[in-house]
Amino acid sequence: MHINMTSDYAIRCLLTLAAREREMSSSEISEAIGVTRALTMNILRRLRTAGFVNSGRGANGGYWLAKDKSEISLLDVLKLMEESMCVNHCLNPEQDCSRRAEAFCLVRKFYEKLQEDLHRSLDGMTLGKLLAQDAT
């Protein structure tokens, strides 16, 4: 699995809001994460629609976390942003195993375990935990 840059930026947007603990404009967020305002706005729109951030309109409007930073896991964000969370296409329920060997494929069994471990790690890592690691 390869995490795309848009997903990385989404995590950075959320981390920025979690670290600052205040309402921020899209310009402030884009400057903090080092990407264009247009891309930041696109990402924030997706995050708002999914319920990760709230937004206010007008000259004093901005964005803030809709949930506590301890309630937003990296898995939650990646599920929103990534097309697939499978480490191999054979685990994608919409695709068949290329070798038609689902029942006895040793590689697939390894991938399933790897997938479970990855999901568990991502689900256990919240914005709050990431920020706490940075403080140590």
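Values in this text are rule-based calculations from the coordinates and carry no lab data. Here the structure is a predicted model, which is why all the values come from computation and not from measurement. All Cβ positions, even for glycine, are placed from backbone atoms using ideal geometry, and neighbour counts span all protein chains on display.
Points to keep in mind about this one:
- Charge context of L65, other residues only, Cβ under 13 angstrom, K/R +1, D/E -1: 0
- One entry in (1) 16.4; (2) 15.8; (3) 14.4 is Kirkwood radius over Cα pairs in Å calculated from the shown coordinates; its label is (1).
- Rounded if a/c under 1.5, otherwise prolate or oblate - region 8-50, Cα gyration tensor axes: rounded
- Set of lysines with alpha-carbon distance to K109 below 29 Å, sequence-local pairs under 8 removed: K79
- Of the trypsin sites (Lys or Arg not before Pro) in region 32-84, those whose Cβ has at most 11 other Cβ within 10 Å and which sit in DSSP loop: R57
- For region 1-94, applying the loop criterion from DSSP together with a ceiling of 13 other beta carbons within 10 Å to the GluC sites (Glu not before Pro) yields E21, E83, E94.
- For region 5-135, a simple Cβ point-charge model (Lys and Arg +1, Asp and Glu -1, everything else neutral) yields a dipole of about 160 debye relative to the Cα centre.
- The GNM of the chain, with springs linking C-alpha atoms under 10 angstrom apart, assigns the highest mean-square fluctuation among N60, N88, N42 to N60.
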